[in-house]
Amino acid sequence: MATSIVDGTVEEAITGRSRGGVTLFKSIRFKLDDGSSRTIIKSAVKQNVAEEITPGAKGRFYLYNAFDLKGVHGVRTPDGRAIYGFPGNNRKLFLILGVINVLWVGFKVAVDGEVPLLGAAVFILAVVGWILMGKGERDAQQQFEGDAGYGGAGGV
C-alpha cells in the first residue's frame with residue numbers, strides 16, 4: 001500500500017455520499033505549504049476524519065492508496081489534535097464475498113460434482129483483497145502513529 005503526507009490547507013472539499021460511517025469525497029484540493037496544490041479525486045474517508053476536511057482546515061493530512069481504494073486516513077492539526085480513522089468497509093466486503101463463494105462452491109460440488117471456475121476465481125480475488133486491505137490498514141496506522149511529532153509542542 002502507498003501512503004503519503006500532505007502538509008497544507010484544504011482549499012476545496014466536494015463531498016459525495018455518506019454511508020456507514022464513511023464519506024466519499026468527489027475531490028479534495030489542498031494548497032501545500034510550499035505554494036503548490038494537489039487534488040485528490042474519489043477518496044473514501046472515515047466520518048471522524050471527514051469532519052476535519054473542510055475548506056480552510058490546516059494541518060498534516062495522511063493519505064493512503066490500498067488495493068482499489070484511496071483517501072485520507074488521518075489529520076494532525078497545528079493545535080495538536082490528532083484524528084485517525086481508516087475506512088475498513090471494503091475488508092468486510094471481501095470477507096463476505098469469500099464466505100459466500102465458499103458456500104456457493106460447496107453447493108455446486110455437492111449438486112453437480114464439480115468446482116465452478118468463476119466461484120474459485122472470485123474466492124481467490126476475495127482472499128487477495130482481504131489480505132491487501134488488511135495490510136493497507138496496518139501500513140496506514142503505522143504511518144500515522146510513527147509521525148506523532150507534528151503540531152502541538154512540536155510545531156508545524
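The values are calculated or read from the model by the stated rules, or taken from the named source; none is laboratory data. Predicted model, so just to flag it, every value in this text is computed and none were measured. Because the Cβ atoms are built from the backbone with ideal geometry, glycine has one as well, and the counts that use them run over all protein chains shown.
So if I check each of 14, 40, which one is farther than 17 Å from residue 75 by Cα, among the β-branched types (Val, Ile, Thr) and either in a strand (DSSP E or B) or touching a Ser or Thr at 6+ places or on another chain (Cβ under 6 Å) (or both)?
Selected residue: 14, the only one of 14, 40 that is farther than 17 Å from residue 75 by Cα, among the β-branched types (Val, Ile, Thr) and either in a strand (DSSP E or B) or touching a Ser or Thr at 6+ places or on another chain (Cβ under 6 Å) (or both).
Is it true that some residue in segment 140-155 is aromatic (Phe, Trp, Tyr), surrounded by 15 or more Cβ atoms within 10 Å (Cβ to Cβ), on the phi > 0 side of the Ramachandran plot and at pLDDT below 90?
Looking through segment 140-155, none of the residues is aromatic (Phe, Trp, Tyr), surrounded by 15 or more Cβ atoms within 10 Å (Cβ to Cβ), on the phi > 0 side of the Ramachandran plot and at pLDDT below 90.
Checking the structure you have, find out if any residue of segment 97-112 is in contact with a helix residue (DSSP H, G or I) (Cβ under 8 Å, 6 or more places away or on another chain) and closer than 22 Å to residue 18 by Cβ.
no
Can you name the number of the only condition in (1) crowded, with 21+ Cβ neighbours inside 10 Å; (2) touching a His at 6+ places or on another chain (Cβ under 8 Å) that residue 101 fails?
The failed condition is (2).
Check whether at least one residue in segment 54-63 is out of contact with any Asp or Glu (no Cβ under 9 Å at 6 or more places or on another chain) and small (Gly, Ala, Ser), and report yes or no.
Taking every residue of segment 54-63 in turn, at least one turns out to be out of contact with any Asp or Glu (no Cβ under 9 Å at 6 or more places or on another chain) and small (Gly, Ala, Ser).
Which count do you get for residues in segment 42-87 that are touching a residue at least 40 places away in the same chain (Cβ under 8 Å) and among the β-branched types (Val, Ile, Thr)?
Residues in segment 42-87 being touching a residue at least 40 places away in the same chain (Cβ under 8 Å) and among the β-branched types (Val, Ile, Thr): 5 in total.
Hey, any hits in segment 49-64 for a residue that's surrounded by 22 or more Cβ atoms within 10 Å (Cβ to Cβ), aliphatic (A, V, I, L, M) and touching a helix residue (DSSP H, G or I) at 6+ places or on another chain (Cβ under 6 Å)?
no
For segment 62-89: of the residues being in contact with a His (Cβ under 9 Å, 6 or more places away or on another chain) and of a type in the set (A, V, I, L, M, F, W, C), which is modelled with the lowest pLDDT?
86
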